[in-house]
Amino acid sequence: MDKAIILMNMGGASNLDEIEIFMQNMFNDHRIIGAPPFIRSKLAKFIMASRLAEVKENYKLIGGGSPLLEITRSVQRKLQERIDDAIVEVVMRYTSPFAMEVLSDLKRRGIAKLFLIPMYPQFSTTTTASSIEDIRHCAAKIGYHPTIVSVLDYFDFEPFLESVEERIVQGVEHEDPSELNLIFSAHGLPMSVIKKGDPYQKQVEAEVRLHVERLKRKGLVFNQVHLAYQSKVGPMKWLTPSLQRVLEEIKNKKALIYPISFTIDNSETLFELDIEYKEVAEKLKFEIYKVCKCPNDSDSFVDALELLYRKM
């Protein structure tokens, strides 16, 4: 066996001790902060100094750590059970397992071809491009020269869409969908990134349109469907509308949220959506506020990943 599939994700602090290294690595990524290295390092230190205590408190509210790695490991195991011609590995961008340690092992084992699959359905320079760039940089650094094949996005891949809609159906549960406002909440990006040609916004919008059409065919017609953005940091202009604004504008106070940027639940879904915005909804006197789970390690999502690999 000389092939490996690498599932790429951002990473997340699995415990409170990892929060600092996660933030340090993320804010030192030139794809996240596009300033010269010296300035980026200063900015990273400033952001960490001002936000570290708050972030630690937020993590305590979700049990002290992100489940992202644990769930991704479950996806890895399930995918490996279905695939006998390649090793399945996980690489995180900002926390362990880092690209360097995984690639060093693959080089030692004589793996000659890598298939990179992002856990981000839509392409962005800040996520997929950053992960691929990191893997190529680390491979070159250790003199490892495998053939590399990459999936760049799969926001319009039917098996993946099915795994998302399965979660939306579960989220509706016993409610009447015609009374619910379905909100696709996407991770925000600064407009400066979008203006440089990043396709993320267009792909998110295209995926929303696909889900609306497909859900209608399944008999799920919602009161209204919205796209909103979360996770804004700093004073720069970011993608709009914000999730807060959308919640404020919903008149019948009934919302079902789907976190469209993520395939695996993490601190942004479990804290921001399940806790922070739930408090916003309560202040706005929402009668229904529900958050769908990400595809996570569901059979339908693992099916989609297997099919993506088979197509590569």
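Taken together, the values in this text are just the output of simple stated rules run on the coordinates, not laboratory data. Keep in mind that what you see is a predicted model, and the values were worked out from it rather than measured. When we count neighbours, we look across all protein chains shown, and the Cβ atoms used for this are built from the backbone with ideal geometry, even at glycine.
Brief remarks on what is shown
- Length-normalised contact order of region 158-291 in % [C-alpha pairs under 8 Å, at least 6 apart]: 33 percent
- Farthest toward positive dipole pole in the chain [+1 Lys/Arg, -1 Asp/Glu at C-beta], among Thr125, Ile83, Phe301: Thr125
- Residues Asp303, Asp84, Asp198, Asp17, ranked from the fewest to the most other C-beta atoms within 10 Å, line up as Asp84, Asp17, Asp303, Asp198.
- Around the amide H of Ile5, modelled in the peptide plane, lie the amide H atoms of Ile87, Val88, Glu89, Phe115, all under 5 Å away and 5 or more residues distant in sequence or on another chain.
- Residues of region 229-264 with amide N under 13 Å of a point placed 7 Å along Cα→Cβ from Lys60: none
- Among the GluC sites (Glu not before Pro) in region 174-278, none is located in a DSSP loop while being surrounded by at most 12 other Cβ atoms within 10 Å of its own Cβ.
- Expected 222 nm ellipticity per residue - DSSP helices of 4 or more, -39500 (n - 2.57), all of the chain, to 500: -14000 deg cm²/dmol
- Scalar couplings 3J(HN,Hα) for region 267-284, obtained by applying the Karplus form with A = 6.51, B = -1.76, C = 1.60 to θ = phi - 60°, are 4, 6, 7, 7, 9, 4, 7, 6, 10, 4, 6, 5, 5, 4, 4, 5, 5, 7 Hz; x denotes Gly and Pro.
- Region 247-306 and region 99-146 have Cα centres separated by 30 Å.
- Mean separation of Cα contacts under 8 Å, 6 or more apart, over the residue count of the chain: relative contact order %: 23 percent
- Additional length obtainable on full extension of the chain from Leu307 to Glu20, 0.36 nm per residue less Cα span: 99.7 nm
- Once backbone amide H atoms are built at 1.01 Å from N, Ala255 has Asn181, Ile288, Tyr289, Lys290 as its partners under 5 Å, excluding neighbours fewer than 5 places away on the same chain.
- Computed lengthening from Met48 to Lys251, 0.36 nm per intervening residue step minus Cα-Cα distance: 69.3 nm
- Spin-label pair Met1/Val169, simplified geometry with 7 Å Cα→Cβ offset, distance in nm: 3.2 nm
- Summarising the strand pairing of the chain, around 5 percent of its internal DSSP beta bridges are antiparallel.
- Residue order, fewest to most beta carbons within 10 Å, for Leu106, Leu182: Leu106, Leu182
- Length added when fully stretched, Val233-Met100, from 0.36 nm per residue minus Cα-Cα: 45.0 nm
- Placing +1 on the Cβ of every Lys and Arg and -1 on the Cβ of every Asp and Glu, with nothing else charged, gives region 158-291 a dipole about its Cα centre of roughly 580 debye.
- Under 13 Å between alpha carbons - lysine pairs in region 158-291 that sit 8 or more apart or on different chains: 10
- Once backbone amide H atoms are built at 1.01 Å from N, Ser150 has Leu116 as its partners under 5 Å, excluding neighbours fewer than 5 places away on the same chain.
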